[in-house]
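Student: Questions regarding the structure given below will be posed in turn.
Quick note: the coordinates plus some simple rules give every number you see, no bench work behind them. Treat the numbers as computed from the prediction; the structure is a model and nothing was measured. No Cβ is skipped: glycine too gets one built from the backbone with ideal geometry, and neighbour counts run over all protein chains shown.
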Amino acid sequence: METTYDVKVYKLLTYKGTRKTTYTVRWVVAGKRWREPFDTVALADGFRSEPIQATRKGEAFVIDTGLPISHRSKSAAMSWYKFAVQYVDARWSQLGGNSRKNTAKTLTAVTVALLRSQPSQFDPVAVRTALREWAFNANRRSEAPRDMVAILRWVERNSLSVSVWEDPDKVEDVLQTIDTRLDGKQAAAWSRKRHRRILNVVMTYALRRRILRVNPLLKGKDTSAGAKTSNAVDKRSLMNPDQAAAILAWIRCRSRGGERLHAFFTTLYFTGARPEEAVALRVDDVRMPAPDAADQWCELLLHTATPEVGKQWTDTGKIHEERDLKGRAEGETRTVPGHPALTSVLRQHLEREGLEPGELLFQGEKGGVLAGSVIRRAWRSARQAVLPPHVFDSPTGKRVYDNRHTRLTKWLNDGIPPAQVAEWAGNSVPVLLATYARCVDGQMEDLKRRLEAAGDLPGLADAD
């Protein structure tokens, strides 16, 4: 670590842009210029005061980082592995199952990248498993098998310190490593963005604990972090009515649980509910019309989601985790209308299953929550049975979730106002339009007639 006392700290540089004002701290260490921008003058002054105080105390600066030696002490004293475990324990109770799992995946990739050397005595896959499934799982760490404990002890001894994040070149190497798959190819854009998002939260924690002084991910322009991703639905994934009807009919005739699964998939198709919302429905959540009523539309009350996250990531030890509705405040609900065809299917389902109020509407063979593996397997078998091979290999209805995409798109194409569709779907209007705008069609002729009726420049046609 090369140090120097050749340090100069300059006045704040204020830049007033059209959207915001930026305050930049500037200093020079051994002839190398350093800059750190801040959104407020208070933050900038606080940052600037530290190198000034260090120079007054006669403290040496590290040439590679431009920071005083004292700022390296806390980060240099803690290994990245120890810090990552500490972060997991601090955040565990605040995170849902899927967030816990994704955090473990990101920390695993980063920890492997921050080893002094790659372990030759351990299988690389075993190392990642030990980190992801045991080290970064607060519930299971103390129960790790002996072989996993041996790996984790080696990782702890060979983990670099947190101070590596103060080296811009090393930061770039780490980011490039986690952006690369095990086969050497670049990871998908959504995966890279997820890693960055989680890492930014980790770095914020390090700043709050004063282990790091600045967020190393904000320096310079990171092109991979800005990888283009799109939440827009692929139009090819949408099913036409004939395809959906054929798939549902095949599922109904399935020898094992066919009628029960038919009711479940019909509910997805007609209401646009997320699968994790539909499996959480209870008998009381279905408001059925009287058999002799003129209006045979039913109504479903969605209030809970039960995503499948894996029992190792839940506090209850169950595969499913009960959560509030996605994108809604705690305790919020939403109501979705059910087509008369769905009313008929659900009425038969309730009578056939003999379900009581309070029980789950859609249950597994032995009761309990309907398993995701059963849902996916039944849907795939139905597609393969009724769709031509070239359609089966295409994105058409490939995922169970495509029932939702198909329904929401149909509502929009049928002229239902976006605000109403967003309410039924549990989305905001901007998210709804950004997701389904490319799928809305069949309205061009009507739009043209409206534009013609609105008129344009008077007398223009007569001028010809």
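Student: In Å, what is the Rg of the alpha-carbon atoms in the stretch 243-394, and how long is Dmax?
Tutor: So, for the stretch 243-394, Rg and Dmax equal 15.9, 50 Å respectively.
Student: Further question on the same structure: So, in the stretch 3-68, how many Lys pairs have Cα atoms under 20 Å apart, if the pair is 8 or more places apart or on different chains?
Tutor: So the count of such lysine pairs works out to 5.
Student: Now a separate question. How many nm separate the modelled label positions at Thr18 and Gln420, each set 7 Å beyond the Cα in the direction of the Cβ?
Tutor: Output for this residue pair reads 3.9 nm.
Student: If each residue's Cβ is checked for other Cβ atoms within 10 Å, how do Arg128, Arg181 rank with the fewest at the top?
Tutor: The order, fewest Cβ neighbours first, is Arg181, Arg128.
Student: Only residues of the stretch 17-42 count here: report those whose backbone N is under 11 Å from the spot 7 Å along Cα→Cβ of Ser49, or say none.
Tutor: Residues passing the 11 Å test: 42.
Student: Of Lys326/Lys398; Lys185/Lys326; Lys311/Lys410; Lys105/Lys318; Lys193/Lys326; Lys170/Lys311, which pairs sit farther than 29 Å apart, going by alpha carbon to alpha carbon?
Tutor: In this structure, Lys185/Lys326; Lys311/Lys410; Lys170/Lys311 lie more than 29 Å apart at Cα.
Student: A further question follows. Just grab the label-to-label distance for Asp64 and Lys366, each label 7 Å out from Cα along the Cβ direction, in nm (one decimal).
Tutor: The answer from the label model is 5.6 nm.
Student: Among (1) 138; (2) 247; (3) 148, only one was calculated for this model; which label is it, if the read-out is volume of the Cα convex hull per residue in Å³?
Tutor: Here the calculated entry is (2).
Student: Okay, moving on. In a shell of Cβ-Cβ distance under 10 Å around Asp324, excluding Asp324 itself, what net charge do Lys and Arg (+1) and Asp and Glu (-1) give?
Tutor: Within the 10 Å Cβ shell, the charges total 0.
Student: If you plug each phi of the stretch 163-176 into the Karplus form 6.51 cos²θ - 1.76 cosθ + 1.60 with θ = phi - 60°, what whole-Hz ³J(HN,Hα) values come out, in order, with x for Gly and Pro?
Tutor: 5, 4, 6, 8, 9, x, 5, 5, 4, 4, 5, 5, 4, 5
Student: Residue by residue through the stretch 333-342, which ³J(HN,Hα) values in whole Hz follow from phi under the Karplus form 6.51 cos²θ - 1.76 cosθ + 1.60 (θ = phi - 60°), with glycine and proline marked x?
Tutor: My calculation for the stretch 333-342 gives 10, 8, 10, 10, x, x, 3, x, 4, 5 Hz in order.
Student: Work out from phi, with θ = phi - 60° and the Karplus expression 6.51 cos²θ - 1.76 cosθ + 1.60, the ³J(HN,Hα) of each residue of the stretch 270-280, listed in order in whole Hz, and give x for Gly and Pro.
Tutor: Computed from phi, the couplings for the stretch 270-280 are 8, 10, x, 5, 5, x, 5, 7, 5, 5, 8 Hz.
Student: Right, next: Starting from the Cα of Thr204, step 7 Å along the direction of its Cβ; do the same at Ser120; then give the gap between the two resulting points in nm.
Tutor: 4.3
Student: How do Trp313, Trp165, Trp34, Trp250 rank when sorted from fewest to most other Cβ atoms within 10 Å of their own Cβ?
Tutor: Neighbour counts put them in this order, fewest first: Trp34, Trp250, Trp313, Trp165.
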